[in-house]
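S.K.: Structure incoming, see below.
Read-outs: derived from the displayed coordinates by stated rules, not from any lab. Everything quoted here is computed from the prediction, not taken from an experiment. Glycine gets a Cβ as well: all are built from the backbone with ideal geometry, and neighbour counts include every protein chain shown.
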Amino acid sequence: MTGGDEPASRVQGFGFSTPLPKLDIHAASGGRLLSVTKEPFGTVARLESSALNTPHVSTEIILFDSQKKILFTNRVRKTSFLSKEAVYFSFPFAIDHPQFRYDLQSGFIDPAHDQMPGAGKEWFSVQHWVEAKEGGVSVAIVPVDAPLVTLGDIVRGSWPKDFTERSGDIFSYVMNNYYFTNWPAAQGGDFTFRYVLTSDRDLSPASLSQFARAEMAPPYQAI
C-alpha cells in the first residue's frame, strides 16, 4: 500500500484536524503455481507472485496429513522506497459477523468489548494467536514472525473511537515507514514471514495458546 505522504497526514500520527491519507492498494499479481508435491507429512504447494516494490514473493503452503493445520511461508524480496508505504498479508475469511480475539502476555482480549477507553482500534499486537469466530466456526492464525495485525481492514489513519462490526479479514501488518522517529526511512531486503492456520467448530483460548506456543517454539534436538 502506498500513500500518506501529505504533510500531517493522519496515518503518520493522531490528530482529527489533519486530513485522512490518500491510500492506494497494490495487490500481488502475476501469480502462478510452480509445483504441488506429496511428501510423507502432507501436500506441499509452491507459488510465486509480485507486487509494487516487492518484485518477488514466493509462497510455500503445507497441508499436513495428520495435524489440523496449514503452514504458509512467504519469502519476500523488498526494494527500498522512501515514500510512505505499508505491506500486509491478507487472510480473507468468509465470516460475515466475526468476533475477534487475540492473546496478550497473560490472557486474551476481545477488542470490541475488553479495551479501555482511548485504546487503539486500528492495529493490535498479538502475543501468539489471533482468532475470528462466528456461530459454529472458529479460525485462528499464529503469526510466527510478525506480531502486528489489523482486523477487518488495513490501517487508514481513521483512529476510530469504537471497534465496530467489521469483515472477517485478518491482515498481518508486516512493515511500514510512516513514522519519523526511531524508524527506518525505507525498508528493503529479503524477508520471511510464516503463518500457521487452524480451525474448528470452537477453539478455546487454552487450546489455542497451547497450539500457538508449540508452533512458535517447536521442540528441537541438541547436537
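S.K.: Kindly list, by first and then second residue, each pair from a residue in segment 189-206 that is in contact (Cβ under 8 Å) with a residue 60 or more places away in the chain and closer than 11 Å to Ile141 by Cβ to a residue that is part of a loop (DSSP other than H, G, I, E, B) and of a type in the set (A, V, I, L, M), limited to pairs with Cβ atoms under 6 Å and residues at least 6 apart or on different chains.
M.R.: Short answer, once both residue conditions are applied: Arg194/Val144.
S.K.: Does Glu165 satisfy being of a type in the set (Asp, Glu), buried (at least 18 other Cβ atoms within 10 Å of the Cβ) and either in contact (Cβ under 8 Å) with a residue 40 or more places away in the chain or more than 17 Å from His97 (Cβ to Cβ) (or both)?
M.R.: In short, no.
S.K.: Would you point out which residue out of Ala132, Ala146 is of a type in the set (A, V, I, L, M), in a strand (DSSP E or B), in contact with a Phe, Trp or Tyr (Cβ under 9 Å, 6 or more places away or on another chain) and within 21 Å of Phe72 (Cβ to Cβ)?
M.R.: None of the others qualify; the one that does is Ala132.
S.K.: So which residues in segment 61-95 are part of a strand (DSSP E or B), among the hydrophobic types (A, V, I, L, M, F, W, C) and more than 28 Å from Gly13 (Cα to Cα)?
M.R.: Within segment 61-95, Ile61, Ile62, Leu63, Phe64, Ile70, Leu71, Phe72 meet the criteria.
S.K.: Of the numbered conditions (1) under 21 Å from Phe163 (Cβ atoms); (2) surrounded by 13 or more Cβ atoms within 10 Å (Cβ to Cβ); (3) over 16 Å from the mean Cα position of the chain (by Cα), Val130 fails exactly one; give the number of that condition.
M.R.: In the conditions (1) under 21 Å from Phe163 (Cβ atoms); (2) surrounded by 13 or more Cβ atoms within 10 Å (Cβ to Cβ); (3) over 16 Å from the mean Cα position of the chain (by Cα), Val130 misses (3) alone.
S.K.: Just checking, which of Leu203, Leu197, Leu208 is in contact with a Ser or Thr (Cβ under 6 Å, 6 or more places away or on another chain), closer than 28 Å to Phe108 by Cα and surrounded by 17 or more Cβ atoms within 10 Å (Cβ to Cβ)?
M.R.: Leu203
S.K.: (1) in contact (Cβ under 8 Å) with a residue 24 or more places away in the chain; (2) more than 30 Å from Asp202 (Cα to Cα): which one isn't true of Leu47, the others all being true?
M.R.: The single condition Leu47 does not satisfy is (1).
S.K.: Quick test of your reading of the structure: Tyr102 fulfils all but one of (1) buried (at least 19 other Cβ atoms within 10 Å of the Cβ); (2) of a type in the set (Ser, Thr, Tyr); (3) touching a residue at least 60 places away in the same chain (Cβ under 8 Å). Name the failing condition by number.
M.R.: (3)
S.K.: Can you go through Ser167, Ser204, Ser172 and tell me which one is within 30 Å of Ser80 (Cα to Cα) and hydroxyl-bearing (Ser, Thr, Tyr)?
M.R.: Unique residue meeting the criteria: Ser172.
S.K.: Separate question: In segment 14-60, how many residues are assigned to a loop (DSSP other than H, G, I, E, B), under 23 Å from the mean Cα position of the chain (by Cα) and on the phi > 0 side of the Ramachandran plot?
M.R.: Number of matching residues: 1.
S.K.: I would also like to ask the following. Which residue out of Tyr179, Tyr173 is surrounded by fewer than 17 Cβ atoms within 10 Å (Cβ to Cβ) and not polar (S, T, N, Q)?
M.R.: Matching residue, one of Tyr179, Tyr173: Tyr179.
S.K.: Scan Ile25, Ile70 and give me the residue that is within 26 Å of Val196 (Cα to Cα), surrounded by 16 or more Cβ atoms within 10 Å (Cβ to Cβ) and among the hydrophobic types (A, V, I, L, M, F, W, C).
M.R.: Ile70
S.K.: If we scan segment 173-193, do we find a residue that is small (Gly, Ala, Ser), more than 18 Å from Tyr88 (Cβ to Cβ) and either assigned to a helix (DSSP H, G or I) or out of contact with any His (no Cβ under 7 Å at 6 or more places or on another chain) (or both)?
M.R.: Yes, segment 173-193 contains at least one residue that is small (Gly, Ala, Ser), more than 18 Å from Tyr88 (Cβ to Cβ) and either assigned to a helix (DSSP H, G or I) or out of contact with any His (no Cβ under 7 Å at 6 or more places or on another chain) (or both).
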